[in-house]
Amino acid sequence: MSASKPIIFCELSEHTKRLIEKYVEALKSSAPSIGSHGMNETEFWQSGLFRAAIGQLRGAQAATTHEKRDFIERVLGFLKDNHKITDWTFSGSGNRHDYEVHINEDYTCVIEAKGCLDGNNTNIFQRPANANEFIIWSLCQNPGSDPRHNAWSGIHTRLSAEIIHQKERVDGLIIWDMLCGTKGRVRPKLAAGLERSTRVDAFQVPPPCLYLFPKTLPDVRNNSRPACWNINDVRFLKILYDTFKCDVHDIVEICIEVRTSGPDVERRTIWKRNGVLVVQSRWTKIKR
């Protein structure tokens, strides 16, 4: 990937990286003396207690959905209050997807909320029959996670393969959460001021990063390189674009090509911003 043409503008700040690295070292050196386990240092490290505790903490963090739901619902409430959408409903407890957004009484956008995109959960989605458009929304709660790694892993490694293999069309992707534009996850082109930010309740939010996917399903025989949607064609993304002060650099077209190589199906993922090639993957075998 070219540093001058990032697949997403947000980046993990060097200051945050250094803080995390220092804290990890401090935590490891102090770990044997924390708590009342009664073991000496050798016994402590042999016991596996530290790894077990870290695993439990990671699991609890991954299972937390409150912050993600809170951010999405604040945005949807803001859109409804400003008459950009008719209504929205949360449907995650009884359905595969999480939100249904009613653009008007005849048009529904279905949203599936995901985390940082670099995990297997990204592969699990299903476009419901009532969706006029189907959007995945990535919200990464981990302040130490690298947005560029997550975008690459989610879009090329996971979503492109799953779209082809499962024949499930995804119209667009949103990467946008409560950490975007903060000191830990900086967005350099917004550093000069707040003229492109929008206040949503207590949050001062930057423009979202919007990704447009192919209009039709990639198919080796009949549709090896389908055309991508235009921002004007995906209504919910267009609403976000207009409401939250986006410009053409906030939109990326995700082209997905497929071919056969011997017995295997391969795909190549191509990023374009404002008609200009950003980066493309190598041809990659679909392992399913």
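Every number in this text was worked out from the coordinates using simple rules, so none of it is lab data. Owing to the predicted nature of the structure, the values given are computational and were not obtained by experimental measurement. Quick reminder, even Gly has a Cβ in these numbers, built from the backbone with ideal geometry, and neighbours come from all protein chains shown.
For the set Lys167/Lys215; Lys215/Lys272; Lys68/Lys167; Lys215/Lys238, the pairs lying more than 18 angstrom apart at their alpha carbons are Lys68/Lys167. Rounded to the nearest 20 debye, the dipole magnitude of the stretch 62-285 is 760 debye, with +1 charges on Lys and Arg beta carbons, -1 on Asp and Glu beta carbons, and the Cα centre as origin. Cysteine residues of the chain whose C-beta has no other cysteine C-beta under 4.7 angstrom: Cys10, Cys109, Cys180, Cys209, Cys228, Cys246, Cys255.
Taking every C-alpha pair closer than 8 Å and separated by at least 6 residues, the mean separation divided by the residue count of the chain gives a relative contact order of 16 percent.
Ranked by the mean number of other Cβ atoms within 10 Å of their residues, highest first, the peptides 104-111, 151-158, 198-205 fall in the order 151-158, 104-111, 198-205. Size descriptors for the stretch 218-269 (Cα atoms only): Rg and Dmax, in that order, 15.2, 48 Å. Taking the convex hull of the alpha carbon positions in the stretch 22-61 and averaging its projected area over all directions gives 3.0 nm².
Relative intensity of the chain on a log10 scale, I(q)/I(0) at q = 0.08, 0.14 Å⁻¹, equals -0.39, -1.06, per a Debye sum over C-alpha point scatterers of equal strength in the absence of solvent. Beta bridges from DSSP with both residues in the chain: antiparallel share about 75 percent, rounded to the nearest 5. Based on DSSP H segments of at least four residues, each scored -39500 (n - 2.57), the chain has a per-residue ellipticity at 222 nm of -8000 deg cm²/dmol.
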